[in-house]
1. In whole Hz, what ³J(HN,Hα) sequence does region 269-277 give by Karplus (6.51, -1.76, 1.60; θ = phi - 60°), x for Gly and Pro?
2. Tally Lys and Arg at +1 and Asp and Glu at -1 over the other residues with C-beta under 10 Å from the C-beta of G118: what net charge comes out?
3. I want the local charge near S17. Using Cβ-Cβ distances under 11 Å, sum +1 for each Lys or Arg and -1 for each Asp or Glu among the other residues.
4. Once phi is turned into ³J(HN,Hα) by the Karplus curve 6.51 cos²θ - 1.76 cosθ + 1.60 with θ = phi - 60°, what whole-Hz value does each residue of region 175-181 show in order, with x for glycine and proline?
5. Between A122 and residues 5 or more places away or on another chain, which pairs have amide H atoms under 5 Å apart, with H built 1.01 Å from N, and which residues are they?
6. When the Kirkwood radius is taken over all Cα pairs of region 148-219, what Stokes-Einstein diffusion coefficient follows at 10 °C and 1.306 mPa s, in µm²/s?
7. In whole Å, what are the Cα extents of region 102-163 along the three principal axes, biggest one first?
8. What net charge is computed for the residues neighbouring R104, neighbours being all others with C-beta under 13 Å from the C-beta of R104, Lys and Arg scored +1, Asp and Glu -1?
Amino acid sequence: MDWTPGGMSSDVEDRRSSSGGGGFRGGIGILGILVLLVISLVTGKNYIGAYLSGGSSAHIAPSTATTHTRSPAEDRQAQLVSFVLDDAQKTWTQIFAAQGLAYRHAKLVLFRNATYSGCGTAQAATGPFYCPADEKIYIDLSFWDDLKRMGGDAGDFAQAYVLAHELGHHIQKLTGIEGRMRRLSQQDPREGNQLSVDLELQADCFAGIWGHSTTQRNIVDQNDIAGALRAAAAVGDDHLQKMSGRAVSPENWTHGSSTQRADWFRRGLTTGTVGSCKTFNGSLAP
């Protein structure tokens, strides 16, 4: 991936020196427990024990910031995050403008171990995520090590895919897709998992749309794309279920299979059009 390390984006909020356990802690639910279980099994770190030892009742936990020396490699990762965020948001600003719409920037929070968010506690154990309540993406850079342990690629464009996917959720927030999906899920809880899968696959496709723009500008090559596709496959529900020693159960999926995730990312990458990302059978298209 052709990019030049530089300064940090004004849309990046760096909390790495202050995070480490403070913020709001509350119950994370069955899905959260399953996520912690999978990541504990994959990484060999006891995230389940750490969560349970902290209790599940909601309370404000005191900050426990620790001194951390940043390595040149970590600084480069942070600068890559910054580059991808700015480049992807520039692309979406242009796409929105072409439709006569104004794009509102998302923010990205770099943290270590845990921090607060508009959606509750952000924890490294749960991986990168987008919070629609405060329109921020949260990421602990140690996730790239976890991604490699899951069998994924952690090259520059693979990392960019993950970030572009989370920004895809911001696009869904701005266009009303995320809100309509939540209302449909509340109306018919039995469809909740499938709607979640559709939402995640569409975010993969939106990530591909930004990827398409990078191919047009010769920022990436075929090796970069192959790495990103491996990253998409590594976070497929079926792959994670197998890694945790469980049977593959499509009815419990929330993000889609490895094949589905790679295919939808590839679709956006190939077409570069929002209209190609109709995972909801077109009913929730922007």
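A short reminder: the numbers here are calculations on the coordinates, not readings from a lab. None of the values given here were measured: they were computed from a predicted structure. Reconstructed Cβ throughout: ideal geometry from the backbone, glycine too, with neighbour counts over all protein chains shown.
1. In residue order, the calculated couplings are 5, 7, 8, x, 10, 4, x, 7, 9 Hz.
2. -1
3. Within the 11 Å Cβ shell, the charges total +3.
4. Computed from phi, the couplings for region 175-181 are 8, x, 5, 4, x, 5, 5 Hz.
5. T115, Y116, S117
6. After rounding, the answer is 118 µm²/s.
7. Principal extents (Cα only, largest first): 34, 29, 14 Å.
8. Neighbour charge sum, excluding R104 itself: 0.
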